[in-house]
Amino acid sequence: MKPIKFHLLKAGHCSHPECIAMRGGRWSSLRFPALCGVIEHPQRGVILFDTGYSSHFFDATQPFPERAYRWVTPPTLAPEEALVAQLARMGIEAGAVRHVIISHYHGDHIAGLKDFPQARFWSTRADYDALRKRSRFGNLVHGCLPALLPADFMTRLDFAEDAKRMALPREFHPFDSGFDLFGDASVAGIALPGHSTGQMGLAFCRADGRHVFLVADACWTRNALDEHRLPTWIASRLFDSRHDYAATFGRLRELAAGRTEVAIVPSHCERTWEAWLNETR
Ligand SMILES: [Zn+2]
């Protein structure tokens, strides 16, 4: 894999009782950051992996019944935390973002899509088809807010399944192949079914040689993975398939237990975020 420059950013967070998100958790509320990946690709320009929360989330959850989304997972987003503001401070204008890779269509992952008017979007066809087929209420029950999609979304969307397959370096075993999204073996989209129908993670090699796997919501926290604590029955009502979730979770545990170390990055893991801050401070 070609090494690429990578940053991790946090675009807001939500709060939720630990005992709902993880079996055996406490009643106290935990902070679940909304993490996003930023890749500076030498030929493809700036590529995002998800966008976290944005002001559009608050617009989309203003009416009923969508407002219920805010009650279940109350979000916090300071204006300076919006992804578009953070990128500007890094010298990256919104128009310079050429691609946004969507792990899945939950509101806390796609709320910033409208902020990047020059970007093309990538998702799995499986996830997009599931979103399109559901009713407004059905989408809400599954954590999806179609109002967050730009009006011209469909004309800017590419499907991961149309990319050719690529073999992954042995470090990622048992994940052995992925979608070669840009046709240059720089980043691989990895199917992580269960949380949503066609959830997609991203595997790549960082400029310093470290292998990274952005796993979205295939596990919510690194502790849950290490301690083999699956989400509770209530939390997993949101999932497409609890059976597939458990299978994907099991493969991630196998990867984490492997001899070669890969940085596994769940989208909502405070410990992972703290580790990133310590590393880059
Ligand atoms: Zn999700």
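Quick notes on this structure:
- Single unsatisfied condition, residue 190 versus (1) at pLDDT 90 or above; (2) within 14 Å of the ligand (Cβ to nearest atom); (3) touching a Phe, Trp or Tyr at 6+ places or on another chain (Cβ under 7 Å): (2)
- Failed condition for residue 66, given (1) modelled with pLDDT under 90; (2) open to solvent by 30 Å² or more (accessible area, probe 1.4 Å); (3) charged (D, E, K, R); (4) closer than 26 Å to residue 138 by Cα: (2)
- Counting only helices (runs of 4 or more DSSP H) that fall entirely inside the stretch 65-161 and contain at least 1 residues that are within 15 Å of the ligand (Cβ to nearest atom) and either among the polar types (S, T, N, Q) or within 27 Å of residue 42 (Cα to Cα) (or both), the qualifying elements are 107-110, 136-141.
- When the stretch 219-245 is filtered for residues that are closer than 16 Å to residue 30 by Cα and part of a helix (DSSP H, G or I), the ones remaining, listed by number, are 222, 223, 224, 235.
- In the stretch 214-269, the residues that are closer than 23 Å to residue 141 by Cα and touching an Asp or Glu at 6+ places or on another chain (Cβ under 8 Å): 216, 221, 266, 267, 268
- Residues within the stretch 216-242 that are under 15 Å from residue 124 (Cβ atoms) and of a type outside the set (S, T, N, Q), tallied: 4
- Out of 83, 113, 87, one residue alone is open to solvent by less than 50 Å² (accessible area, probe 1.4 Å), within 19 Å of residue 269 (Cα to Cα) and touching a residue at least 40 places away in the same chain (Cβ under 8 Å). It is 83.
The values are calculated or read from the model by the stated rules, or taken from the named source; none is laboratory data. None of these values were measured; they are calculated from a predicted model. Cβ sites come from the backbone with ideal geometry, for glycine too, and all protein chains shown count toward neighbours. Heads up: the accessible areas ignore ligands, DNA and RNA and are worked out on the full protein's heavy atoms, side chains in. Shrake-Rupley method; radii C 1.70, N 1.55, O 1.52, S 1.80 Å.
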